[in-house]
Amino acid sequence: MSLSKHLSGSRRVAAVTSGLVAPPEAASQVHPPSFSSSRSNSDFNSNSNLSISSNSYPLLNNRNLTSQSIKTQNLLKQLTPKHTCKMSTMPAQHGHSEACCNIPPVVATGYSAKGSYEELGGFKSYVTGPKEATKGIITIYDIFGYYPQTLQGADILSTSDHSQKYKVFIPDWFNGEPAPLSWFPPDTEEKQKNLGAFFQKNSPPSVAAKVPDYVSAVSAKYPEIKSWAILGFCWGGKVVSLVTSKPDTVFKAGVEAHPAMVDPADAENIKVPLALLASKDETPEDVKKFEANLTGPKYVETFGDQIHGWMAARSDLENERVKAEYIRGYETVLKFLSQHI
């Protein structure tokens with residue numbers, strides 16, 4: 001059954017904008033991303049010694065949808081707040097990492113991924129990280145699959161914290177058929193039909209159901225990994241919510257970056273430490289309620305001038321502000337994981 005049938009009102013518009021359900025027929029692309037807002041308040045500060053390459057990725061098109069109806073236009077305004085949400089933080093439990101001192105230069109055009117591809121649990125998987133790693137991260141990519149920005153993020157996680165070693169795994173849930181950028185903006189009936197079929201085939205609940213068996217398969221090949229975390233981008237954020245809300249979850253911590261379809265009800269059952277890094281495009285009220293419903297250790301922050309997807313495939317690393325927040329996002333993830341796994 002299509003996920004769009006379960007959504008209504010502002011939550012359905014949020015899901016459309018996040019790329020979780022097909023857009024309404026009247027949708028069209030009208031406004032570009034804005035990077036003019038000031039940085040969100042955070043306990044995690046970027047290190048001044050970071051070296052950033054002058055290389056850049058090709059500009060990725062941001063997808064924002066509007067409708068001719070006044071109601072939908074008003075809802076879309078709520079998805080792009082002009083202010084930054086200030087969220088509370090959970091104090092560090094086990095000290096903190098020196099990851100901010102070790103983030104390598106972020107390169108763009110021509111980035112050479114450090115990992116390799118393996119067959120694990122029946123899925124092609126990008127694998128990166130040192131052999132001696134005893135901690136693992138399962139990354140759930142966004143709907144565009146193996147984009148250079150996403151692979152570079154995995155390499156950053158696996159190489160930047162010299163005090164903790166991580167091995168990162170990105171399974172190809174889409175079996176080589178991610179959503180192509182040519183479908184965006186979804187301004188034709190054919191594109192909308194394609195997106196609807198894609199999301200029905202690759203719903204977050206269906207993928208979440210596969211994660212435990214996948215982790216078991218990876219653990220069998222890499223028994224040296226003793227503890228696990230899970231990170232999800234956009235569409236993958238919903239997968240993280242579903243997986244970590246299970247009482248028997250194997251994961252010691254979870255991270256959601258610019259998650260699609262933020263549902264405060266999901267947070268009520270999440271007991272493991274969880275971080276949520278929101279963009280300006282997630283509904284602020286939903287993010288606040290989600291944070292309030294988390295009962296375990298947590299870190300919630302809104303990167304108020306970043307678009308949905310700034311840490312994954314939609315990251316425009318040609319923009320210096322985006323590049324800086326891309327780095328800070330991964331620093332934040334590393335510091336949170338260093339405290340909890």
Query raised in the report: Looking at R328, is it open to solvent by 10 Å² or more (accessible area, probe 1.4 Å), over 14 Å from L231 (Cα atoms) and not in a strand (DSSP E or B)?
Result: no
Query raised in the report: Can you tell me which of L231, L317, L274 is free of Cβ contacts under 8 Å to residues at least 40 places away in the same chain, buried (at least 24 other Cβ atoms within 10 Å of the Cβ) and closer than 29 Å to H162 by Cβ?
Result: L274
Query raised in the report: Quick one: how many residues across segment 179-196 are of a type in the set (G, A, S) and open to solvent by less than 60 Å² (accessible area, probe 1.4 Å)?
Result: 2
Requested in this report: From the list F174, F169, pick out the single residue that is assigned to a loop (DSSP other than H, G, I, E, B) and either in contact with a Phe, Trp or Tyr (Cβ under 8 Å, 6 or more places away or on another chain) or surrounded by fewer than 23 Cβ atoms within 10 Å (Cβ to Cβ) (or both).
Outcome: F174
Query raised in the report: What do you reckon, is A257 among the aliphatic types (A, V, I, L, M) and either within 14 Å of the chain's Cα centre (by Cα) or open to solvent by 20 Å² or more (accessible area, probe 1.4 Å) (or both)?
Result: yes
Query - Pairs, first open to solvent by less than 30 Å² (accessible area, probe 1.4 Å) in segment 205-217, second of a type in the set (A, V, I, L, M), C-beta under 6 Å, six or more apart - result: V207/V239; A208/V239; A208/L242; A208/V243; V211/V243; V215/V250
Query raised in the report: So which residues in segment 173-214 are small (G, A, S) and in contact with a Ser or Thr (Cβ under 8 Å, 6 or more places away or on another chain)?
Result: G196
Query raised in the report: Restricting the search to segment 311-325, which residues are of a type outside the set (D, E, K, R) and assigned to a loop (DSSP other than H, G, I, E, B)?
Result: M311, A312, A313, S315, L317, N319
**Report entry** Given (1) hydroxyl-bearing (S, T, Y); (2) within 24 Å of V243 (Cβ to Cβ); (3) part of a loop (DSSP other than H, G, I, E, B); (4) more than 21 Å from the chain's Cα centre (by Cα), index of the condition Y146 fails
**Finding:** (4)
Query raised in the report: Which condition breaks for W183 when tested against (1) touching a helix residue (DSSP H, G or I) at 6+ places or on another chain (Cβ under 8 Å); (2) among the hydrophobic types (A, V, I, L, M, F, W, C); (3) in contact (Cβ under 8 Å) with a residue 40 or more places away in the chain?
Result: (3)
Report task. Among the candidates K271, K298, K221, K210, single out the residue that is among the basic types (K, R), modelled with pLDDT under 95 and within 23 Å of K135 (Cβ to Cβ). Result -> K271
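The values are calculated or read from the model by the stated rules, or taken from the named source; none is laboratory data. Owing to the predicted nature of the structure, the values given are computational and were not obtained by experimental measurement. Every residue, glycine as well, gets a Cβ built from its backbone with ideal geometry; the counts of neighbours run over all protein chains shown. Heads up: the accessible areas ignore ligands, DNA and RNA and are worked out on the full protein's heavy atoms, side chains in. Shrake-Rupley method; radii C 1.70, N 1.55, O 1.52, S 1.80 Å.
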